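The values are calculated or read from the model by the stated rules, or taken from the named source; none is laboratory data. Keep in mind that what you see is a predicted model, and the values were worked out from it rather than measured. As a convention, Cβ positions derive from the backbone with ideal geometry for all residues, glycine included, and neighbour counts pool all protein chains shown. Areas reflect the complete protein model, heavy atoms only, side chains present, ligands, DNA and RNA absent. Shrake-Rupley method; radii C 1.70, N 1.55, O 1.52, S 1.80 Å.
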Amino acid sequence: MAFSIVEYYGENSRYQCGYCKQSRSCSSYGMWAHKLCCQDYQELIDRGWRRSGCYCYKPMMEITCCPSYTIKCDAMNFRLNKSHKKIIKRMNKFLRDGKQDTTEMTVLSNSEETTSHDTGGHEHMEVPCVQPKPLDPSLMGLDTNDSDECRPVADESGFSGLQIPKLTESLGVSVHQSDSNASNQPKKAKMLRIERKREKLQKKGLSGEAIEQMMKPSGNKNKEKSLEDFLEECPQKNNKPVHHLQIVTLLTSGAKFRESLHVSYDLYKKYQTAIHNDPPGAIEDYLDFLVKSPLKDSQEYGTFHQQYWLDDRLIAVGVIDVLPFCVSSVYFFYDPEFKFLSLGTYGSLRELAFTRSLNRKIPSIKNYYMGFYIHSCPKMRYKSNLQPSYLLCPEAYTWHLLDKTVLAKLDAHKYSRLNDDVGALDANKTTEQDLKDVLLLVGRSYTTYSEYLEMVGKGIPFLSEYARLVGKSCAKKMMLYRV
């Protein structure tokens, strides 16, 4: 049986904020995840936690300078807006004829819907305030996840990844093209077909009213196109597009991912330097931040890199966690030379479509988590462009539609309970009785807190705080590491 091992750090207060840049205004709780089951992490992010590498943190919402609300988009009911459609069409046009549409770029750059994800705004990822204690390496392999049965199986292309419908079958990993001959047929030909159909109906002796009723367009022809329809719509020019886009999904622990590691690292360095004016750091920093993951579970879940290959060139990478109820976006970086394609937004739309495709195999996966929504930081409000989206109430841990009502609350007070029902309580709240069942890992053995008290004779001062923050469910099944 798989289990999680975490090491709680407690409060990390009065450090520089990555959003407003104040020097001593940010506060959060932190813990190190030596191992983390995907189900446990799903429950943690539904309580306001988020990971940066193996470090997990939860903002201290009432006192931190920039309250960060967990945000998710209902992928199954996602609605495209005009800006999204323009971005997808511009990408398809670029793939078709290789030309950059500067006119469309101007329109989008002047639009209020242009996202900071494309223009330089990015979510700040916390770093641990202390280093984790050494853990016996043998404890990392004490579950069934490391058996041969649970290792990902390479697909026919040789890429080790999720056992899900291939992107080429579900999302259009290789960009599908529509038949250009049909779109280029003269209008006269269409009119001739209509007249022939009308004549056939007249010969059958039908009345004029009946004929007109049958000649009306069917409801399907007027049906609004889906996200997938737009992504797959790329008319060919002379049956051969100028460029070919392929999105490859790789498990970060797989051999194929390691083969392309330096290519993705070089792209990350280029992105950090050009877009954010930040030093990219050594490759070890890149590994700690975007490659190493505490997530341990079945072959269907875990941490993946989605690589966007334009012909033979890597132009973007989306880092995602696939969890039991969602796809969680970790980070996205791209080649600044292709900034004109709004790759940040395009990547979000692709990840939304990826979430929808997973739902066909794993019906519980219905949401796309975008990390944190920071209303007090204007550059981070772009996440509200994906609708319908919901924010997590930091007190009752209930979800609330990100609409005008919620926005008005955040305009008035940067920290808000969100849930108007004062009687609504945290359904996963721990009680004094629950503390007795908190699971501890002491050395190489596990025990409950009540048994620990009998053996040691003294309590753990921060245990109540830890259990309150992770919730009753996780407190009883995750192992809290004690030296």
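Data for the structure
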| read-out | value |
| --- | --- |
| Selected residue (criterion: nearest to S4 (Cα to Cα)) from residues of the stretch 45-79 that are aromatic (F, W, Y) and open to solvent by less than 10 Å² (accessible area, probe 1.4 Å) | Y55 |
| Leading residue by the ranking (least open to solvent (accessible area, probe 1.4 Å)) among those in the stretch 246-265 that are hydroxyl-bearing (S, T, Y) and over 17 Å from R313 (Cα atoms) | T252 |
| Some residue of the stretch 386-399 being acidic (D, E) and either open to solvent by less than 10 Å² (accessible area, probe 1.4 Å) or over 25 Å from C56 (Cβ atoms) (or both) | no |
| The stretch 270-288, residues that are buried (at least 17 other Cβ atoms within 10 Å of the Cβ) and under 15 Å from G318 (Cα atoms) | Y271, Q272, Y286 |
| Pair list, Cβ under 7 Å, 6 or more apart: the stretch 250-264 residue in contact (Cβ under 8 Å) with a residue 40 or more places away in the chain and outside any loop (DSSP other than H, G, I, E, B), other residue of a type in the set (G, A, S) and surrounded by fewer than 18 Cβ atoms within 10 Å (Cβ to Cβ) | K256/G158 |
| Check on R482, open to solvent by 10 Å² or more (accessible area, probe 1.4 Å), in contact with a Ser or Thr (Cβ under 9 Å, 6 or more places away or on another chain) and not hydrophobic (A, V, I, L, M, F, W, C) | no |
| Residue in the stretch 215-230 that is of a type in the set (D, E) and either farther than 29 Å from K89 by Cα or modelled with pLDDT of 90 or more (or both) present | yes |
| Among (1) at pLDDT 95 or above; (2) out of contact with any Ser or Thr (no Cβ under 8 Å at 6 or more places or on another chain); (3) over 30 Å from E224 (Cα atoms), the one test that L36 misses | (2) |
| Unmet criterion (only one of (1) more than 30 Å from K99 (Cβ to Cβ); (2) open to solvent by less than 40 Å² (accessible area, probe 1.4 Å); (3) modelled with pLDDT under 85) for K296 | (2) |
| Cβ-Cβ under 8 Å pairs, at least 6 apart or on other chains, the stretch 343-370 side more than 19 Å from I315 (Cα to Cα), far side among the β-branched types (V, I, T) and open to solvent by 30 Å² or more (accessible area, probe 1.4 Å) | S357/I164; L358/I164; K361/I164; I362/I164 |
| Scope the stretch 433-462; condition within 22 Å of I45 (Cβ to Cβ) and in a helix (DSSP H, G or I); matching residues | D434 |
| Of all residues in the stretch 425-466 being out of contact with any strand residue (DSSP E or B) (no Cβ under 9 Å at 6 or more places or on another chain) and aliphatic (A, V, I, L, M), the one that is least open to solvent (accessible area, probe 1.4 Å) | L435 |
| For D146: the one exception among (1) surrounded by fewer than 16 Cβ atoms within 10 Å (Cβ to Cβ); (2) modelled with pLDDT of 55 or more; (3) more than 25 Å from the chain's Cα centre (by Cα) | (2) |
| Condition met for Y368 (within 24 Å of the chain's Cα centre (by Cα) and assigned to a strand (DSSP E or B)) | yes |
| Residues being within 13 Å of L267 (Cα to Cα) and open to solvent by 20 Å² or more (accessible area, probe 1.4 Å) - total across the stretch 306-337 | 4 |
